[in-house]
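First the structure, in the form of C-alpha cells, and then the observations on it.
The values are calculated or read from the model by the stated rules, or taken from the named source; none is laboratory data. From a predicted model like this one, the values you see are computed outputs, not experimental measurements. Don't worry about glycine lacking a Cβ; one is built from the backbone with ideal geometry, like all the others, and counts go over all protein chains shown.
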Amino acid sequence: MTNKTITKRFYLTTPLYYVNSRPHIGHSYTNIAADTLARFMRLRYGKDHVHFLTGTDEHGQKIDKAAQAAGMAPQEFVDKISATFKDLWTKLDISYDDFIRTTEPRHVKAVQAVWKELEKRGRVYKAGYSGWYCTPDETFWTEGQVFQENGKNLCPECKRPVERIEEENYFLKMSDKQEWLIRTIREAKDLVILPETRRNEVLGFLENNVLQDLCISRPKNRLLWGIPSPLSDAHVTYVWFDALINYISAVGYGVDEKLQKKWWPADVHIIGKDILRHHAVYWPILLEALGLPTPKMIFAHGWWVQGGEKMSKSRGNVVDPLEIVDRFGVDAYRYFLLREASFGQDGTFSEEAFILRYNTDLANDLGNLLNRTLTMCEKYFEGEIPAFNPEKMQKLSYDEANPDEIAKLIFKNRATLEAMASNLPDKILELMRRLAFSEVLAEVWAIVSEANKYIERSAPWALAKQGKFEELRCVINTLAGVLKVTARAVWPFMPTIGKEIWTQLGMKESIEKNIFIKGSVDEYFLTGGVVSKAAPLFPRIESKKGDLT
Ligand code: ME8
C-alpha cells in the first residue's frame, strides 16, 4: 500500500486459523484489524473492489490428534470448530467477503493443481527425510536447529518437545531462489514487509542461513488427514504447504484464470509475527516457482501477551472474546484492541487497562461529547443542530466599534477545530497506508478532546444566559461538525457506534461514504438538522478486579 501499489482493487487476507480449538483474543485481533482495513478500503474504492478473505486451516497432525482426543471423526470435528470461528466473526462484525476452509473441494483441487504445476516445472523431487517435527507448530526442524534441555529435544520456536522422523518425502527446491528473495525484499518494491523490524528479521535469517528445501508431504502411513498428493498414493500434503495455497485457491487458481487475475497478487497478508517465516520466505518462493507474482505486502503484527507470555490455548492463558464482548460490547472490544497496542508491537491484555480505556476514551471523551452536544441542541434549539452563518459571526467578532472578545475567541477556536477536521481524512489516509490503526484513533481522539475543551472554554450555558445566541449557534454547530467527522472516521473501527452517532445527529445519508476526498467534510460545519434525544453510548463501568482471566 505504498503510493506505487495503490490500485483500484484491494485484496486482503488473514491467516487461516487451526481448528484444533476455539478462537481466542489473538485470532480475533487479526480479524478485527483486517476488517477495519477492509471497511476503510471499501469506502475508498467501492464495495466490489475489495476482497477480504479469512478462513480455517483444517488438516495436519495437530488437528487429527485433537479430533481423536475429542472422540470424533476429523471431518465432524473440523466442521464443528470451524463453525465457532464463523460465529465469532459474525458476532464481531467481521465483514469478510469469502471464508475458505482447506477441506473444501475448491481448495483441494487447487492444491493438487499446484503440485502438478511444480512437477511440470521441475521444482519438486522425492528424497529420504530424517529430522525433527514439532506438532504444535506443524514445522520441520533440522538436527542443528533443535536444542536440548533435561534430556529432551525441543522446538527452537515454541520450546516444546519435537519428535524424530525418518521417512520418504517430497521437497520443494528453495536454495536457488534465495538470492532472488533477498533482492526482492531489499528492493521493497514488489514485496514490502512491515514493520521494518520484521523485514530486518527475515533478511537476517536469509543472509545467515542456506535455505533447506521445503518438505511438502507426509506419508499416509503416519498421517491420513491431509490432501492426497497427485504424484504419489502414499503421501498427503504437508499442512503448511496446503494452507498457504488458500490465498490463491480462494480466487480461482487452476479453475478461473479471470478471477485469479482480478485479485492476485494480494495487496496485503495480515499475519501474526509467529508465522512470518512461512509467509515471507516459503510462500514467495512457492509463488515464484509457480510463475506467479508475490503478495505486495506482508504485515506481521505483535502478540497479545499475558504474564509475559504469548497468549495461546496450549499455554492456557487465553482470554475468551465472547466473555468481554458480552460484558462491554463489540465496539468497545474492537476499539481496545486496535488502540491499546501499536499495530506491529506486542500488547498486554488486562482488565484494568480495558476498563481504563473504556471509561476514559469512550465514556468520558467520546460519549460525553455526544451527550453534551445533543443535550444542548435539545435545550437551546428545540432538538436541532443550529445552521451556521460564518458572515454573521465574522461581523460580530470583528466589529470595530463594539469588539466582542468572547465571540472572537469562539470563532477562532472554531476555526482550529474546523481545520483539524478538514485535515483528518488526509492524516488517516497516510497512517492507514502503514496499517497504523492506533495512531489513527489517537488522531481522532485529539480532535474529540479539543472539542471537549472548546465546550469548557466557550461556556455555552453562560452564552445562553446572556442571550448570545449567535455565539451559541457557532459553538454547537462546531461540536456537531466534529462529531459528524468523528462518526465517519471511527466507523471502520466501530461500525455500530459510528452509525449510532451518525443517526443520533440526524444524518440521513449512508455513513458508508468516502470522506477521503478533499473538502468533503467541510459542509458538516455549516448545516443544521434534527437530532435524536441523547442516549448514553458507553455507560461507565466500575472496575471489578480479576474478572476476565
Ligand atoms: O498458525 N496475539 O494458525 P493459528 C496476537 N494455521 N495474535 C495471535 C495470537 C496472540 N497471542 N495468537 C494467535 C496458524 N494469533 C496456521 C496459519 S496461514 C496460511 C496458516 C493470531 O491458529 C495471529 O494472526 O495458530 C497468528 O499469526 C495466528 O493467530 C495463528 O493462528
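Are any residues in the stretch 79-126 among the small types (Gly, Ala, Ser) and either surrounded by fewer than 20 Cβ atoms within 10 Å (Cβ to Cβ) or under 23 Å from residue 27 (Cβ atoms) (or both), and if so, which ones? Spell out how you get there, then give the answer.
Narrowing the stretch 79-126 to residues among the small types (Gly, Ala, Ser): 82-83, 95, 110, 113, 122.
Matches in the stretch 79-126: 82, 83, 95, 113, 122.
A quick yes/no check of all residues on (1) in the same structural domain as residue 431 (by TED's automatic domain parsing); (2) away from the ligand (no atom under 14 Å from the Cβ); (3) without any contact (Cβ under 8 Å) to a residue 12 or more places away in the chain:
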{"site": "27", "(1), (2), (3)": "no, no, no"}
{"site": "51", "(1), (2), (3)": "no, yes, no"}
{"site": "76", "(1), (2), (3)": "no, yes, yes"}
{"site": "95", "(1), (2), (3)": "no, yes, no"}
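In the condition set (1) in contact with a helix residue (DSSP H, G or I) (Cβ under 8 Å, 6 or more places away or on another chain); (2) more than 28 Å from residue 65 (Cβ to Cβ); (3) not aliphatic (A, V, I, L, M), residue 120 is compliant with all but (1).
Only one entry of 152, 120, 159 meets the criterion of being within 16 Å of the ligand (Cβ to nearest atom), assigned by TED's automatic domain parsing to the domain that holds residue 284 and without any contact (Cβ under 8 Å) to a residue 24 or more places away in the chain, and that entry is 159.
Residue under question is residue 508, and the condition is that it be over 28 Å from the mean Cα position of the chain (by Cα) and modelled with pLDDT under 95; does it hold? Walk me through how you get there before you give the answer.
On the way: over 28 Å from the mean Cα position of the chain (by Cα): yes; modelled with pLDDT under 95: yes.
Against the criterion (over 28 Å from the mean Cα position of the chain (by Cα) and modelled with pLDDT under 95), residue 508 qualifies.
Within the stretch 499-520, restricting attention to residues that are free of Cβ contacts under 8 Å to residues at least 24 places away in the same chain and outside any loop (DSSP other than H, G, I, E, B), the residue that is surrounded by the most Cβ atoms within 10 Å (Cβ to Cβ) is 502.
Here's the yes/no breakdown for (1) modelled with pLDDT of 95 or more; (2) in contact with a Leu (Cβ under 6 Å, 6 or more places away or on another chain); (3) surrounded by 22 or more Cβ atoms within 10 Å (Cβ to Cβ):
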| site | (1), (2), (3) |
| --- | --- |
| 171 | yes, no, no |
| 175 | no, yes, no |
| 187 | yes, no, no |
| 196 | yes, no, no |
| 221 | no, no, no |
| 244 | yes, no, yes |
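For the stretch 5-25, the tally of residues that are more than 9 Å from the ligand (Cβ to nearest atom) and not aliphatic (A, V, I, L, M) stands at 7.
Please tell me if residue 282 is aromatic (Phe, Trp, Tyr), under 20 Å from residue 116 (Cα atoms) and buried (at least 21 other Cβ atoms within 10 Å of the Cβ). No: the conditions fail for residue 282.
Whenever a residue of the stretch 295-316 is more than 10 Å from the ligand (Cβ to nearest atom), its partners that are among the hydroxyl-bearing types (Ser, Thr, Tyr), lying with C-beta atoms within less than 7 angstrom and at least six residues away or across chains, give the pairs 296/5.
Of the residues making up the stretch 198-223, those that are part of a helix (DSSP H, G or I) and away from the ligand (no atom under 16 Å from the Cβ) number 8. Taking the conditions (1) surrounded by fewer than 22 Cβ atoms within 10 Å (Cβ to Cβ); (2) at pLDDT 95 or above in turn, residue 353 satisfies each one other than (2).
The residue that is surrounded by the most Cβ atoms within 10 Å (Cβ to Cβ), counting only those in the stretch 285-294 that are among the aliphatic types (A, V, I, L, M) and away from the ligand (no atom under 12 Å from the Cβ), is 285.
Within the stretch 224-277, being more than 9 Å from the ligand (Cβ to nearest atom) and among the small types (Gly, Ala, Ser) holds for 226, 229, 232, 234, 249, 250, 252, 254, 266.
Being farther than 30 Å from residue 516 by Cα and away from the ligand (no atom under 15 Å from the Cβ): is that true of residue 38 here? Walk me through how you get there before you give the answer.
Details: farther than 30 Å from residue 516 by Cα: no; away from the ligand (no atom under 15 Å from the Cβ): yes.
Answer is no for this residue.
Scanning the stretch 29-49 for residues that are hydroxyl-bearing (Ser, Thr, Tyr) and free of Cβ contacts under 8 Å to residues at least 40 places away in the same chain yields one hit, 45.
Looking at 442, 415, 480 in this structure, which one is over 25 Å from residue 357 (Cα atoms), assigned to a helix (DSSP H, G or I) and in the same structural domain as residue 507 (by TED's automatic domain parsing)?
Details: 442 fails: over 25 Å from residue 357 (Cα atoms); 480 fails: over 25 Å from residue 357 (Cα atoms).
Exactly one residue qualifies, and that residue is 415.
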